[in-house]
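Below is one structure, written out as structure tokens; comments come after it.
The values are calculated or read from the model by the stated rules, or taken from the named source; none is laboratory data. From a predicted model like this one, the values you see are computed outputs, not experimental measurements. Here the Cβ is made from the backbone with ideal geometry for all residues, glycine too, and neighbour counts use every protein chain on show.
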Amino acid sequence: MAEKQLLQKFRELLQKLNATKQLIEQQHSDILSNNLHSIPDMGIAKDEATASQVEQQIQQLRDMVLASPALTFTAAENSSKKEQTQTPQSQPQSQTQTQSQPQQDPLRKYEENKEHLLQCIGDDQYGVCPWERRDVWDNYTPLQEFDSLPLTRVGTEEISHSDETITIPLSLDILGNKNVLIKSQQYATAIDTLQNISLRLLVSLPPARLRFLMIDPVGVGSNFAGFMHLPEEAVSGKIWSDPQKIEERLGELCEHMENIIQKYLLNQYKSMEEYNEAAAEVAEPYRVVVVANFPTNFSTYAAQRLLSLAQNGPKSGMYVIIHLDPSKKMPHNFSSEDLEKVCHVFCDKKSKNETVIVQQGKKTKISLESPPPPQRFNDIVHKVKETYNAASHVTVPYEKFVARLYPQWWQKDSRNHVQIPIGKSGRNELYFSVGKGLTHHALMVGKTGSGKSTLLNILILGAAIAYSPEEIQLYLIDFKEGVEFKKYADPILPHAKVIAIQSEREFGISVLKGLDEELTYRGDELFRPHKVKNITEYRNKQGKSLPRILLVVDEFQEFFTEEDQLAMQARNILERLVRKGRSAGIHIVLSSQSLSGSGSLPLAITNQIAIRIALQCSDGDSRSILGDNNPAAKHLSRPGEGIYNDANGLVEGNSVFQTFWLEDHIMEEYLQKIHNEAPFRCETVLFEGDTLANIIDNKSLQKVLESSEVDRSKIKIWLGQPIAMKDEHTHILLQQQTGANILFMGQNEERILGIFLSAMLSVMAQSCPQKTKFYIINLGTTDTAWQSALDVVVSSKNSPFSLMKMEKNRRACVEMVNEIHAIVDERLQQETMERNDEKVYLFFIGLQRARDLYAPDSWSPPEETKKFTTILEEGPDVGVHSFIHCDTKANMNKILSQSLKEFDIRVTLQMNAMDSSAILDSILASKLDANRAVVYNEEHSAELEKFCPYEFPNKKWIETLFDKLGTNHDNI
């Protein structure tokens, strides 16, 4: 039954089309004979028209009728065709082609292909499908792509002939053609039309391919409130009504239009559509300015900007949809006629004592369409919102370009410059380039999720693929919680001289100092003797390899978070490097999530950095990195989208680009290949701020263990790994002199005992077993892993030390104090220098628990406490050294209230500021992390060194150490 109804409807439609065809053919004949008055009244103005004008209008009518198979039916009629229709996404491309460019004799085509015609009748595009079609809109799914530009339905139009009337959709070719202007005092109708057109455009394109700038001076946003359900980037943040803000937003859009025309389209592309086809993944979205109640709140400047957008925007994918109130005075030097020339124009017309809005130049009956009811409106908008983020995610796969950009790896020459592709700007690759002209350093900013880490990795990986380690060396510093650079540590990147993960200020400063020394070396030792000015001249003249250096610092603001000595050093060295590094081939990339707040970069440094890279960021950060008059970065709307500017932030230097995207597993494959096959590799300094140091990595200690000849006049006590670029681990020298005792203070017993045990093993490694005694008072926490490690040292069968006593009872420790005091006293009585040949070391763990040594007051201490004090005061001069651990200064005062002066060397963990000031004369210890320590050395002008303490040596290593010591000292 449904099929018969469809065939009947088709026959009726075909009859109407044939009748219209015959009428048009007759009209053409009349035009040729110049018989204009014989043409029936079909809404064509004939009294003042010329033959060519009438012919043009009739041709438009012909196109409209014959090219629009989607005639209006009721919802009930259309629902019967549902099973025979296609989805809007799969609608044949030929329909749109027919609408925009009618083919010759379309009626014959319809007759030959009735099935195709029925499908077209039953299934309009979203752009022209009536809102009443529940079968379509209840199942609406945002488009994923589109092949050709859609028409946009604004209402319906009735075309009459004799006693027949054909009602067709009034569909405008807005996208790809021109704007819409509604000149009317019918406020409600005009606003409904603006809402309808905006929603039609929204559903006609994939999400994220359309962005609105909505201006509502009178309604202050209420007229377009339904669109605020969309993500902020889809509506330019908000609906604008303030005159100054309107000026700013239109000015920004005009700048973007200029950028597209001058940098994207050039003279190569006629339209945005041609450009987007070539740009593929980074196609530009369409932008539509929707204005209610123009010219309210429009300044002369804003009005001119709007006119410029209307005149030049369509070429660059920008359109305006304007409701103009003709009763209002236009801005100075603004003519609405200029606007009408580039718009589909609708205006008021009085008919039967009422005013309606009609399309200018037509007398046919037009009914402008309102948006769907609020519930359906919101449902549609929410569906767009749900898919917006996924649709806005743009990826430019890096691996697609590697084979073409790098047919052979490590072949590029860096003598003149370094050039690395980092993304796509339009259809072309964008290159990060340093070493030419004034572009030698870069500043990068991007908030969390903007793609900053991806961009840094693409930059580093690109350098490692294009250039060999002999051409470029990388210094990678990742501050704070960053672990992005960890991937370059395992496997080690051959190009990396430094890899710092979760780095600290002290280590960063040491890297800067190292580069400063390299800068001086290249200038004084390489360039000046050979009478050359820079790295390019040196390599050309000498024919020698000299790599350029690329320093990459993520979250660089950590250098300046405190106004202290470290910040001053960083500021001075960075300023010197950015000024003089260019000639030496040293280039710097500074990256941060934000430039605002504490840790901002000094202007003296910023002004020397020509390359500015801004990813998604705030208005303040955009102006900070690009310039006060360049807020372009705040309009970036998707991860990986950025602005590359190599003109010190000037607006004319902006280039919008999309960062390459690289999957983790593919990057791992590239890094493994680089590690395995690179023709050369650097000696890498690796610093991991989130881990403890390992005494096994101490090369100096390993040399001592391998040697049978050891200088015992100065014992090195190794404590941990320096937070600096140093060849040797952190250590102090223990000499036979007054004050040569070591104080260890901290409440983290596990961490302090790791340092304590490492110090003990350091002494053992450099001691003669037959001439060394170890006394250990261990009042630490029992039944712990670190206590068992100490037991291994004392009870090991492989230990070559015959005299090693350990007491764990606080009462028994008094007896050990008495025994050691007797040794000190005996040696003090001797007068020969040989009295100190035998060394004695006291290791006291947990002094705070030695209650038998507590002094009720400083004037009447117990006898054992006096002896203990004598050991500290007199012992070092006679070869008796004490290593004392106590948890707090307050507990230490209960026993040794006046004895800090007996500890020239003090090692502290994290503690309160008061204790830190008392022990170190600095509050540095109050700022330490849990895995950090600081050593104070009175002998070296009370210098402080922050370091990463050793973790507990494993039992196997301790046994190995004793084996080597036993072998080395068998004959002593």
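Values computed for the structure shown
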quantity	calculated
Whichever residue in region 157-180 is more than 30 Å from Asp338 (Cβ to Cβ) and in contact with a strand residue (DSSP E or B) (Cβ under 9 Å, 6 or more places away or on another chain) and, among such residues, is modelled with the highest pLDDT	Glu158
Residue list for region 893-921, restricted to those being under 15 Å from Tyr936 (Cβ atoms), in contact with a helix residue (DSSP H, G or I) (Cβ under 8 Å, 6 or more places away or on another chain) and part of a helix (DSSP H, G or I)	Leu900, Glu902, Asp915, Ser916, Ala918, Ile919
Qualifying residue in region 498-508 (condition: crowded, with 19+ Cβ neighbours inside 10 Å and within 21 Å of Gly435 (Cβ to Cβ))	yes
Residue check, Gly642 assigned to a strand (DSSP E or B) and not β-branched (Val, Ile, Thr)	yes
Residue within region 598-605 that is surrounded by fewer than 22 Cβ atoms within 10 Å (Cβ to Cβ) and within 29 Å of Arg211 (Cα to Cα) present	no
Any chance Glu481 is modelled with pLDDT of 90 or more, assigned to a loop (DSSP other than H, G, I, E, B) and not aliphatic (A, V, I, L, M)	no
Elements of type strands (runs of 3 or more DSSP E) in region 686-791, at least 2 residues being polar (S, T, N, Q)	772-778
Selected residue [part of a loop (DSSP other than H, G, I, E, B) and surrounded by fewer than 20 Cβ atoms within 10 Å (Cβ to Cβ)] from Lys270, Lys245	Lys270
Residue list for region 934-967, filter: touching a Phe, Trp or Tyr at 6+ places or on another chain (Cβ under 8 Å) and closer than 18 Å to Arg751 by Cα	Val934, Val935, Tyr950, Phe952
Region 658-676 residues that are surrounded by 12 or more Cβ atoms within 10 Å (Cβ to Cβ), paired with ones that are of a type in the set (Phe, Trp, Tyr) and in a helix (DSSP H, G or I) (beta carbon under 9 Å, 6 or more apart)	Phe660/Phe401; Leu662/Tyr670; Leu671/Tyr488
Lys513 out of contact with any strand residue (DSSP E or B) (no Cβ under 8 Å at 6 or more places or on another chain) and part of a loop (DSSP other than H, G, I, E, B)	no
Index of the failed condition, Phe801 passing every other in (1) modelled with pLDDT under 80; (2) buried (at least 17 other Cβ atoms within 10 Å of the Cβ); (3) not in a helix (DSSP H, G or I)	(1)
Residue match in region 751-766 (condition: among the basic types (Lys, Arg), more than 24 Å from Ala693 (Cα to Cα) and either touching a strand residue (DSSP E or B) at 6+ places or on another chain (Cβ under 9 Å) or touching a residue at least 60 places away in the same chain (Cβ under 8 Å) (or both))	no
Residue tally, condition touching a Ser or Thr at 6+ places or on another chain (Cβ under 9 Å), in a strand (DSSP E or B) and farther than 25 Å from Pro631 by Cα, over region 409-446	3
Selection from region 401-412 of residues that are at negative phi and either surrounded by 13 or more Cβ atoms within 10 Å (Cβ to Cβ) or of a type in the set (A, V, I, L, M, F, W, C) (or both)	Phe401, Val402, Ala403, Leu405, Tyr406, Trp409, Lys412
Out of Leu550, Leu626, sole residue that is closer than 29 Å to His495 by Cβ, buried (at least 24 other Cβ atoms within 10 Å of the Cβ) and touching a residue at least 24 places away in the same chain (Cβ under 8 Å)	Leu550
Meets criteria (at pLDDT below 95, of a type outside the set (D, E, K, R) and crowded, with 19+ Cβ neighbours inside 10 Å) for Ile586	no
Test for Val180: is it of a type in the set (Val, Ile, Thr), touching a Cys at 6+ places or on another chain (Cβ under 7 Å) and not in a loop (DSSP other than H, G, I, E, B)	yes
Test: Lys544 is assigned to a loop (DSSP other than H, G, I, E, B), in contact (Cβ under 8 Å) with a residue 12 or more places away in the chain and either out of contact with any Phe, Trp or Tyr (no Cβ under 6 Å at 6 or more places or on another chain) or of a type outside the set (Asp, Glu) (or both)	no
